[in-house]
Amino acid sequence: MKSFFVQGISAFLGFTFWGAGMVKLYEGHNFIQWIGPPWLVERLAEFDLGLYAQFIALCQIIIGFMLITTRYKLLGGIMLIPMILNILMVTISQNWRGTPYVLAVLLLLNGILLWQYRDYFKPIVQEEPMKNPSRKAPARAWQGHLVWLAGLGLCLGSISVSYFQPTFAFILAALGLILGILSMRVDRIFKT
């Protein structure tokens with residue numbers, strides 16, 4: 001039950017930020033999402049911050065993809081902290097009223113997710129050397145990582161496609177998401 005809850009939080013946060021990034025970069029902002037705003041790039045471009053907004057959207061896509069596929073949820077959860085804080089600063093500077101509260105809830109959910117991995121943070125916080133640093137890590141299958149990267153590539157590639165073929169772009173994004181999720185199964189197939 002605990003694992004299902006953690007996976008659910010990861011998938012929810014992932015969909016939230018993946019969709020928020022995709023909608024900002026898709027042609028006509030035609031993409032599924034529940035949190036926005038889709039027009040943020042245009043709004044920040046008025047202040048010569050359009051490139052920054054595109055960068056934030058791209059980071060939202062990558063971090064969201066890490067979380068929604070749950071393959072790299074720890075890394076995605078760590079990266080989500082500065083992402084949410086960046087978004088929070090933009091919303092405060094733009095005087096958006098309700099958004100800081102939504103972001104506080106998302107930050108809390110991310111805290112719950114990261115709490116499940118608290119043991120991984122001890123060597124970082126206490127700056128302890130690794131135990132047995134000369135011991136080699138076991139060889140891992142690399143095929144699952146490539147499948148995951150291919151999925152991310154399809155999602156990112158779908159953004160360009162959305163400008164001339166929106167339906168095909170949605171199909172590419174969906175296939176990318178499916179590949180990312182199935183990459184864990186590829187690991188089991190090629191497990192050595």
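The values are calculated or read from the model by the stated rules, or taken from the named source; none is laboratory data. Since the structure is predicted, the reported quantities are computational estimates derived from the model, not experimental observations. Cβ atoms come from the backbone with ideal geometry, glycine included; neighbour counts cover every protein chain shown. SASA here: full protein model, heavy atoms, side chains in, ligands and nucleic acids out. Shrake-Rupley method; radii C 1.70, N 1.55, O 1.52, S 1.80 Å.
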Checked pairs for segment 180-191, first loosely packed, with under 14 Cβ neighbours inside 10 Å, second in a helix (DSSP H, G or I), C-beta under 6 Å and 6 or more apart or across chains, list as PHE190/GLN143
Does GLN60 meet the test of being in contact with a helix residue (DSSP H, G or I) (Cβ under 6 Å, 6 or more places away or on another chain) and assigned to a loop (DSSP other than H, G, I, E, B)? no
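Yes/no matrix, rows are residues, columns are (1) modelled with pLDDT of 80 or more; (2) within 27 Å of PHE5 (Cβ to Cβ); (3) open to solvent by less than 60 Å² (accessible area, probe 1.4 Å):
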| site | (1), (2), (3) |
| --- | --- |
| ASN95 | yes, no, no |
| PRO100 | yes, yes, yes |
| LEU103 | yes, yes, yes |
| LEU106 | yes, yes, yes |
| GLU128 | no, no, no |
| LYS136 | no, no, no |
| LEU154 | yes, no, yes |
| GLN165 | yes, no, no |
Positions within segment 63-83 being surrounded by fewer than 20 Cβ atoms within 10 Å (Cβ to Cβ), closer than 21 Å to LEU25 by Cβ and among the hydrophobic types (A, V, I, L, M, F, W, C), in sequence order: MET79
Which members of segment 18-44 meet the condition of being open to solvent by less than 60 Å² (accessible area, probe 1.4 Å), under 15 Å from ALA169 (Cβ atoms) and assigned to a helix (DSSP H, G or I)? TRP18, GLY19, GLY21, MET22, VAL23, LYS24, LEU25, GLY28, HIS29
For segment 39-74, give me the residue count where each residue is at pLDDT below 90 and closer than 23 Å to GLY180 by Cβ. 2
From the list PHE15, PHE55, PHE47, PHE4, which one is buried (at least 18 other Cβ atoms within 10 Å of the Cβ), more than 19 Å from HIS145 (Cβ to Cβ) and either touching a Pro at 6+ places or on another chain (Cβ under 7 Å) or not basic (Lys, Arg) (or both)? PHE15
Please verify whether segment 38-45 includes one or more residues that are touching a Phe, Trp or Tyr at 6+ places or on another chain (Cβ under 8 Å) and touching a residue at least 24 places away in the same chain (Cβ under 8 Å). yes
